[in-house]
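Okay, so here's the structure we're looking at.
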Amino acid sequence: MDPTVDFLDAACHGIPTDMFCPRDEHPGDAPAAVRICNRCPIRRACLDWAVTNDEQGIWGGTTDRQRAAIRRRTRTNVRTLPQTGRRRHQVGLWTGRGYTAQQIADLLGISARTVVRHRNADTKAAA
Ligand code: SF4
């Protein structure tokens, strides 16, 4: 994924959010929304965000159930992580995908300095 894209590039920009919030969700419930996601330039970042933050509805072309399966596979139970832990996890994911500190800061609504602090804490924990 191109790390220079941001949420203003989203394919769903300007589309009613109801389309992405089906009531009785299962993989066949929101084919139109999934089709939109499948042509979205920030699909991967959107999916990472939804997995990490336990979002509901269609995100990154996936349903709640599909993301639950992703969490089980990656053994990342973000509900048990405190807010700081979720943020640190997301910083780690996006850092691994080549995002700059400023890009991550813009996506998360935090300062680039805080992103660097999360990265440094991860580095110390790994040492
Ligand atoms: S991938 Fe995310 S940002 Fe892109 S269209 Fe789907 S819901 Fe919107």
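Of all residues in segment 27-34, none satisfies being within 8 Å of the ligand (Cβ to nearest atom), at pLDDT 85 or above, in a loop (DSSP other than H, G, I, E, B) and among the small types (Gly, Ala, Ser). Applying the criterion of being more than 12 Å from the ligand (Cβ to nearest atom) and surrounded by fewer than 18 Cβ atoms within 10 Å (Cβ to Cβ) to the residues of segment 35-55, the residue that is nearest to the chain's Cα centre (by Cα) is Asn53.
The values are calculated or read from the model by the stated rules, or taken from the named source; none is laboratory data. Model, not experiment: these values are computed from the prediction. Positions of Cβ are backbone-derived with ideal geometry, glycine not excepted, and every protein chain shown enters the neighbour counts.
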